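Bear in mind that the values in this text are calculations on the coordinates, not laboratory data. The structure displayed is predicted, hence computed values, not measured ones. Here the Cβ positions follow ideal geometry from the backbone for every residue, glycine too, while neighbour counts run over all protein chains shown.
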Amino acid sequence: MAKLRIQYENGEPERVIEFDPAKSPFHHDGKPGSILDVMLGHKLHLEHACGGNCACTTCHVIVKQGFNKLGEASEQEEDLLDKAPGLTPTSRLGCQAVITDPDAEIVIVVPRYTINQVSEAAEE
Amino acid sequence: MSVTAQGTAPRGRSTLTARIERLQDHCADTRSLFLALTDGRHLRFQPGQFISISIPLGDETRTRAYSIASSPEERGSFEICFNMIAGGRGVGWLFERKVGDSLELTGPFGTFSMERAPQVEIGLIAEGTAIAPIRPVLRRAIETGADAPIHLIYGADRDEHILYRADLDQAAKRATNFSHEIVIAPAEQLHERLREIANRRWIAADANRTRQFWICGVGPAVIKLRDLLRGAGYERRAVHYEQW
């Protein structure tokens, strides 16, 4: 079984999901077997404002362990990540980072903010 | 499979509620909704951004993104437009909404936007309803750009799927540096036509590689256009694109 450990920069308690990658998709948004797919399929929320279509950065996660176990990032994902706040060398978009290795142990951090979050979306 | 966790799973950002003020059918399968926030405030966004609408389907709620087709400068309501997709349950639900209904949404989102026009020639490419984010981008480009040319290549599989034609014609009359061309071609040929035109106009015609581009469409054709332009020598960050 693969293991996905999710830590939250805002201090929310850590979650751990154990799953069989061969059983993907678990949900309907993001690439099948992606971090987003796995989390939504196990009823853990991860922002995905564009519906998991690689058109925003709201599912930005930082991979702390197992980066090389994830499917390679496309140019489109890299283009979007360029605009993600708090970008790190191991940043990925949750909707695009696919876990296929059944023995993978992935640790991610969900950042507090995203570039697309407008603190006050409406004005008088 | 298992999940171990403590406490409640973190949820997303605050939700806005908007009322459908008006709807407009562009043709049998393409519609615009004009939305106004129920608390009376004005949605603040950048040209090119989208909102995410919560769509109840069965016992769950899905998030679906819709580009804002109006400009931030337009007060009151803002516009989204969409077309019916075979088997598209989310958009089917949206088509069933009536004037006066409320929608739950979050946003705005998206980095495919233009705050101020670059002071260089601008190329815009869109197909069908993907003109939605390009429309406010065009307006911003005209209002904040230099007098450098702005050219839009806009394609669809049939004439009725060309939206905002009168607006585009009007813009071309008003702004002498703006021009546009409409491409009607069968769906299986449309993307190739768009690439041919882009190639002829912005690659083969000259050695100028200072232009910037905003491209929006559906499917891998957008990526092919991106690769065509970047492969021809345009800077990576000069080619902005959004693929749905």
Region B:186-216, residues that are among the small types (Gly, Ala, Ser) and assigned to a helix (DSSP H, G or I) | B:Ala187, B:Ala198, B:Ala204
Positions within region A:54-68 being of a type outside the set (Lys, Arg) and either part of a strand (DSSP E or B) or more than 19 Å from A:Ala104 (Cβ to Cβ) (or both), in sequence order | A:Cys54, A:Ala55, A:Cys56, A:Thr57, A:Thr58, A:His60, A:Val61, A:Ile62, A:Val63, A:Gln65
Could you count how many residues in region B:79-124 are hydroxyl-bearing (Ser, Thr, Tyr), within 30 Å of B:Ala148 (Cα to Cα) and touching a residue at least 40 places away in the same chain (Cβ under 8 Å)?
-> 1
Where in region B:54-149 are there strands (runs of 3 or more DSSP E), lying wholly inside it, with at least 1 residues that are over 25 Å from A:Glu77 (Cα atoms)?
-> B:60-67, B:78-83, B:102-109
Looking only at region B:223-244, which residues are part of a helix (DSSP H, G or I) and within 9 Å of chain A (Cβ to nearest Cβ)?
-> B:Ile223, B:Arg226, B:Asp227, B:Arg230, B:Arg236, B:Arg237
Working carefully through the options A:Val16, A:Val98, find the one that is within 11 Å of another protein chain (Cβ to nearest Cβ), among the hydrophobic types (A, V, I, L, M, F, W, C) and either without any contact (Cβ under 8 Å) to a residue 60 or more places away in the chain or touching a helix residue (DSSP H, G or I) at 6+ places or on another chain (Cβ under 9 Å) (or both).
-> A:Val16
Can you pull out the residues in region A:63-76 that are farther than 10 Å from A:Asp101 by Cβ and buried (at least 18 other Cβ atoms within 10 Å of the Cβ)?
-> A:Val63, A:Gln76
Please find, within region B:55-100, the residue that is nearest to A:Ala49 (Cα to Cα) out of those that are of a type in the set (Asp, Glu) and surrounded by 13 or more Cβ atoms within 10 Å (Cβ to Cβ).
-> B:Glu79
So which residues in region B:167-178 are more than 19 Å from the chain's Cα centre (by Cα) and not basic (Lys, Arg)?
-> B:Gln170, B:Ala172, B:Ala175, B:Thr176, B:Asn177
Which number in (1) of a type outside the set (A, V, I, L, M); (2) surrounded by fewer than 22 Cβ atoms within 10 Å (Cβ to Cβ); (3) more than 11 Å from chain B (Cβ to nearest Cβ) marks the one condition that A:His60 misses?
-> (2)
